[in-house]
Amino acid sequence: MADSQKVFDLIHRQPGIIYSALTPNLKGFEAALAAGADEVAVFASASEGFSQKNINCSISESLKRFEPVMAAAKQHGLKVRGYVSCVMGCPYDGDIRPSVVADVADQLWQMGCYEISLGDTIGVGTPYKAKIVLEQTSRNIPVLSLAAHFHNTYGQALANVYALLEEGLSVIDTSVAGLGGCPYAPGASGNLATEDVVYMLEGMGIKTGVNMEELLKAATFICDQLGIPSRSNAGFALSRLIHPSG
Ligand SMILES: CC(C)(COP(=O)([O-])OP(=O)([O-])OC[C@H]1O[C@@H](n2cnc3c(N)ncnc32)[C@H](O)[C@@H]1OP(=O)([O-])[O-])[C@@H](O)C(=O)NCCC(=O)NCCSC(=O)C[C@@](C)(O)CC(=O)[O-]
């Protein structure tokens, strides 16, 4: 968490992009504000085990820590997004009851988060479970204020997203080339790749406004910089099509 300023200083900001920072407490909010974040995000867990490992406190303590962040954000006119981690399973506590996910999501919503992102942090979820989690969380939160944040450890993330699109969800968290993971969630792989979601949505006739060629360039750039292969199937296939020599 300590290098928000460094990261923000290096970003070449583009118009129309919202630059957000994860802020688990007031200290983080102040750092994000100083760094020029456009909005911030608080992140709780649906499991006690991950909450302790990830932010060194219980779920209820984390929610208490978010209260001053919400107040400060309101004072400075910044929106706050809320994340719930481990919504379909926890590396420490195992299976997680959807009712617990809904309760944590509801508390974040009640405190003023404008959107709640449901994190399958270790990517263990499947479409049926995803639908149950959405059904329970959308009892008190409008489905259009819910987002899917699915890691792709078991290759289920795209199917899970499709299942929730059918239920009216429309905000999907992705990462270029499927980057990501979480050092506090053993086994968690990257997020669902942006290229795979864009390819699927465009193929369904849903206009994403994303330029796939530019997205592929960004994926190639970041993978070269990190020295890792892309985790995107569509990205890999399309790149081969554009550059057959590989
Ligand atoms: C939250 C803490 C800091 C609590 O850590 P702590 O040890 O309980 O906090 P503390 O208050 O005792 O402070 C310890 C040190 O951290 C500093 N500190 C205190 N707060 C901050 C802050 N905000 N930013 C920068 N520094 C901070 C504080 O100043 C102090 O520095 P020292 O005095 O020792 O030099 C720690 O547990 C932490 O950094 N956790 C975050 C770990 C992390 O990055 N996790 C991944 C985030 S992504 C995620 O969670 C999943 C998500 C959201 O993507 C969705 C999903 O997939 O599920």
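The values are calculated or read from the model by the stated rules, or taken from the named source; none is laboratory data. Given the structure is predicted, the values throughout are model-derived calculations rather than measurements. Counting neighbours? That spans all protein chains shown, and the Cβs are built from the backbone with ideal geometry, glycine included. SASA here: full protein model, heavy atoms, side chains in, ligands and nucleic acids out. Shrake-Rupley method; radii C 1.70, N 1.55, O 1.52, S 1.80 Å.
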Would it be correct to say that Ala102 is within 14 Å of the ligand (Cβ to nearest atom) and either part of a helix (DSSP H, G or I) or more than 23 Å from Gln156 (Cβ to Cβ) (or both)?
no
Determine the pairs where a residue that is more than 13 Å from the ligand (Cβ to nearest atom), located within segment 113-138, has a partner that is part of a helix (DSSP H, G or I) and open to solvent by 50 Å² or more (accessible area, probe 1.4 Å) with Cβ atoms under 8 Å apart, the partner being 6 or more residues away or on another chain.
Pro127/Tyr162; Gln136/Ser99
Please go through segment 116-130 and pick out each residue that is buried (at least 17 other Cβ atoms within 10 Å of the Cβ) and out of contact with any Leu (no Cβ under 7 Å at 6 or more places or on another chain).
Ser117, Gly119, Asp120, Thr121, Ile122, Gly123, Val124, Gly125, Lys129
Count, please, the residues in segment 6-28 that happen to be open to solvent by 80 Å² or more (accessible area, probe 1.4 Å) and outside any loop (DSSP other than H, G, I, E, B).
5
Any chance segment 209-217 includes a residue that's within 16 Å of the ligand (Cβ to nearest atom) and of a type in the set (S, T, N, Q)?
no
